[in-house]
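The next block holds one structure in the form of structure tokens; read it before the comments.
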Amino acid sequence: MSLVINHNMMAMTANRNLASAYNSLGTSTERLSSGLRINSAADDAAGLAIRELMRADIAALNQGVRNANDAISLIQTADGALQVVDEKLIRMKELAEQAATGTYNSDQRLIIDSEYQAMASEITRIANATDFNGIYLLNGNLSGTHDGSGMQSSGDLKVHFGPGNDCSEDYYYLSIGNSTASALGLGLGSSASNPAGRSISTQQLAQTALDAIQNAIISKDKIRANLGAMQNRLENTITNLEIQAENLQASESRISDVDVATEMTQFVRYQILAQSATAMLAQANSLPKMAMNLIQG
């Protein structure tokens, strides 16, 4: 290479290598300081796209876990209320058994029937008053075909927990039957076409009420059994969602997170190259002085 004054090619080469090493050092510093291998689309465009899709699914799955836990709380609220209804039904059967015997007169049966009607009214009150977050659970609102097109959904309760909208994978429906006294066939509010459980004011009515109360207990137990099965299903769903989110998070980490040990090795390498290039640039900048020495010599 000729010794010239106008162009210092060695300095230009050293400067280019210094810029390259310095840029690489800056990228390595950014990764180590953020903990991420991908900090912008320039780092890995395809990896960034995959990572963002995974992050969206992870967030949706974690929210799905919260949705399922909320549904379990709702089920427990309904089941707790039905447990109280169970106590009222047992008391009503006890009263019907008492009124069915022949050792009581009509006045006494009317007194017994007054408590019977009070128990039926309390069952209806519980069914109409039990709610979770403003959603009434036992008055029959959560039965029938689900319709979520309006501001207020109607019919079966839709429990959504998956990141998509596939009915076989991402959600299912929770149905809770009507648990009012009239729906169970008890009390004066029950259907006139089925008067078996309306009253125990006579011995005959008390005897027929026993079967009606038994059927009401069975109906109530079916509702509770369905709720218990759904709670178990939701608990299994939560376990699966948590495992799915954990594995997806691990996959996202492998794409996005920086390997600190490897990146630290690169950081030291770029640091040495930057220092070496800086030293060589200083040496290259001193070469034109040799030409001046020749001229002055």
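Values in this text are rule-based calculations from the coordinates and carry no lab data. Since we're looking at a predicted model, the values are computed, not measured. For neighbour counting, all protein chains shown are included, and Cβ atoms are generated from backbone atoms with ideal geometry for every residue, glycine included.
Across region 126-271, counting alpha-carbon atoms alone, Rg and Dmax equal 26.4, 100 Å.
Result for the chain in a Gaussian network model with C-alpha springs under 10 Å: among 286, 28, 168, the largest mean-square fluctuation is at 286. Note on the chain: GNM, Cα springs under 10 Å; of 258, 65, 268, the largest mean-square fluctuation is that of 268. Taking N as the residue count of region 5-58, its C-alpha radius of gyration divided by 2.2 N^0.38 Å amounts to 1.76.
For the chain, complete DSSP H runs whose alpha carbons reach 24 Å or more along their own long axis and whose mean Kyte-Doolittle score is -0.5 or higher are 9-34, 45-100, 106-129, 203-256, 260-285.
Per-residue ellipticity at 222 nm from helix content only, as computed over the chain with -39500 (n - 2.57) for each DSSP H run of at least four residues, stands at -24000 deg cm²/dmol.
With θ taken as phi - 60° and the Karplus curve 6.51 cos²θ - 1.76 cosθ + 1.60 applied, the whole-hertz 3J(HN,Hα) list for region 143-151 is 9, x, 7, 5, 9, x, 6, x, 5 Hz, x standing for glycine and proline. Once you keep just the Cα pairs under 8 angstrom separated by 6 or more residues, what percentage relative contact order results for region 60-256? Computed value for region 60-256: 29 percent relative contact order. Could you list the residues of region 251-267 with an amide nitrogen less than 20 Å from a label point located 7 Å from the Cα of residue 55 in the Cα-to-C-beta direction? From region 251-267, the list is 251-260. Pull out a ≥ b ≥ c, the square roots of the eigenvalues of the alpha-carbon gyration tensor of region 76-129, then state rounded if a/c is under 1.5, prolate if not and a/b is larger than b/c, and oblate in the remaining case. Oblate, since a/c reaches 1.5 and b/c is not below a/b. Shape analysis of the chain places it in the prolate category; the axes a ≥ b ≥ c from the Cα gyration tensor give an a/c of at least 1.5, with a/b above b/c.
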